[in-house]
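Working notes, structure below.
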């Protein structure tokens with residue numbers, strides 16, 4: 001059978017017979033990718049204005065939308081604590097805001113269970129913009145009009161980048177569930 | 001797509017309880033987050049050790065990207081240089097000739113300065129840098145403008161120390177880890193720096209606006225003496241910076257001062273140096289509670305660790321300006 005079509009006994013996760021996904025990969029990939037996305041923007045030198053949206057938060061939203069129920073409802077708190085170590089916000093801001101975002105998505109999902117791409121994008125976009133404003137307010141600096149002005153591209157970029165990051169999360173999900181372990 | 005039906009609790013008591021526990025834990029997380037947020041807004045340095053640890057972890061990666069960044073900047077500058085090499089060459093020759101004359105004049109002034117200082121019995125305020133390191137990263141997603149520096153308490157860096165590049169002031173050390181530290185950049189909207197005009201003694205405060213420009217606020221209001229193109233340097237008031245380091249150039253005049261552009265842009269620097277606090281003893285004195293005797297002030301003078309986020313407040317420069325006159 002494999003001689004006729006190499007992918008005959010495979011699906012998107014790889015060959016099905018004799019194979020299983022690696023358990024550590026199944027559990028760790030969402031958390032590892034969100035933490036990596038939190039830590040990566042540190043490497044940019046942004047001396048005049050915030051350059052990038054909070055990739056960690058967008059990654060959290062993407063995983064939550066792509067795989068509902070994979071991250072527990074309380075996952076926002078520990079992941080937010082990790083983000084706070086790098087983001088420059090006062091410690092606790094992401095713990096609070098990420099927890100609230102997880103609860104908000106859960107409530108929205110309970111109210112509108114039949115979702116689609118556009119609704120996901122709309123939800124994530126609204127939450128990303130509210131998060132952007134809230135994190136500016138609690139940043140510990142006095143909010144000046146100039147600060148809002150230079151941070152506006154950050155909000156726009158956050159909304160526009162969501163679909164890209166959701167695709168990345170979907171790709172990581174395929175990697176997560178790919179059958180890497182051979183059962184003897 | 002509807003969420004998987006396995007997430008509905010149905011009649012299962014266990015599923016109902018676990019769903020409820022999830023909500024409870026998430027709400028508890030939010031409450032704990034709010035409490036921590038209030039604590040860190042009240043005491044900004046409360047979680048400095050944790051952040052220092054995190055900074056130590058990313059610094060090695062940051063050093064690599066910082067080196068790559070410096071290399072690519074040189075490459076672009078080199079490429080652009082080829083296009084206008086001829087005209088630039090002639091202009092640079094002319095400038096170089098003038099600069100040599102000025103340099104000779106400056107040498108003479110320096111010699112005279114040293115002689116006069118010697119006459120007055122003033123010791124030279126030139127201090128050696130504590131550490132020289134690269135800026136390895138920054139808080140690019142936040143509204144705050146902090147940078148990470150690749151040197152920490154292991155090299156003797158302490159909170160409050162000024163960070164300078166070869167062009168001018170970058171900022172001030174806010175928190176330190178073992179091998180990294182966090183620098184409050186001048187552009188942060190919480191940063192305040194006492195400055196004066198380079199050519200005379202018009203004193204002012206340079207406040208970060210949060211958008212990459214500085215707001216220069218004059219201390220003595222009245223007729224605004226500033227002009228576009230004026231260079232502002234540190235005044236030395238407050239005791240953190242040594243006087244006469246370039247800070248910013250006025251780009252626009254406002255009724256109470258001006259808007260200024262930075263002289264030393266952190267993104268364009270390669271290496272920066274951390275200098276000791278200029279008047280460490282005076283700052284220890286200022287930070288000591290009123291009525292504290294010499295024994296109480298002595299340990300804090302040995303390890304000057306002032307309130308990290310408190311930039312010299314408008315109250316502090318009165319003492320500093322008095323000391324300068």
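The values are calculated or read from the model by the stated rules, or taken from the named source; none is laboratory data. Everything numeric in this text was worked out from a predicted model, so none of it was measured. Ideal geometry is used to build each Cβ from the backbone, glycine not excepted, and the neighbour counts take in all protein chains shown.
The combined condition, being under 18 Å from residue A:39 (Cα atoms), at pLDDT 90 or above, crowded, with 23+ Cβ neighbours inside 10 Å and in contact with a helix residue (DSSP H, G or I) (Cβ under 6 Å, 6 or more places away or on another chain), is not fulfilled by residue A:101.
Of all the listed residues (B:137, B:152), the sole one being within 14 Å of chain A (Cβ to nearest Cβ) and touching a helix residue (DSSP H, G or I) at 6+ places or on another chain (Cβ under 8 Å) is B:137. Total residues in segment B:42-69 satisfying the condition of being farther than 22 Å from residue B:173 by Cα and surrounded by 15 or more Cβ atoms within 10 Å (Cβ to Cβ): the figure is 1. Which is over 14 Å from residue B:276 (Cα atoms), out of contact with any strand residue (DSSP E or B) (no Cβ under 7 Å at 6 or more places or on another chain), in contact (Cβ under 8 Å) with a residue 60 or more places away in the chain and within 14 Å of chain A (Cβ to nearest Cβ), of B:210, B:168? None of the others qualify; the one that does is B:210. Filtering segment B:213-226 to residues that are buried (at least 19 other Cβ atoms within 10 Å of the Cβ) and either in a strand (DSSP E or B) or at the interface with another protein chain (Cβ under 10 Å from one of its Cβ atoms) (or both) leaves B:213, B:214, B:215, B:216, B:218. From the set of residues in segment B:184-212 that are in contact with a helix residue (DSSP H, G or I) (Cβ under 7 Å, 6 or more places away or on another chain) and part of a strand (DSSP E or B), which is nearest to residue A:150 (Cα to Cα)? The qualifying residue nearest to residue A:150 (Cα to Cα) is B:185. If the condition is being within 8 Å of chain B (Cβ to nearest Cβ), farther than 18 Å from residue B:29 by Cα and crowded, with 24+ Cβ neighbours inside 10 Å, then segment A:57-98 contributes A:86, A:87, A:88.
Only one entry in B:75, B:39, B:79 is over 20 Å from the mean Cα position of the chain (by Cα), within 30 Å of residue B:173 (Cβ to Cβ) and without any contact (Cβ under 8 Å) to a residue 60 or more places away in the chain, namely B:39. Return yes or no: is residue B:70 touching a residue at least 12 places away in the same chain (Cβ under 8 Å), within 11 Å of another protein chain (Cβ to nearest Cβ) and assigned to a helix (DSSP H, G or I)? Spelling it out, residue B:70 is indeed touching a residue at least 12 places away in the same chain (Cβ under 8 Å), within 11 Å of another protein chain (Cβ to nearest Cβ) and assigned to a helix (DSSP H, G or I). The set of residues from segment A:109-124 being in a helix (DSSP H, G or I) and either within 11 Å of another protein chain (Cβ to nearest Cβ) or at pLDDT below 90 (or both) comprises A:109, A:110, A:111, A:117, A:119, A:120.
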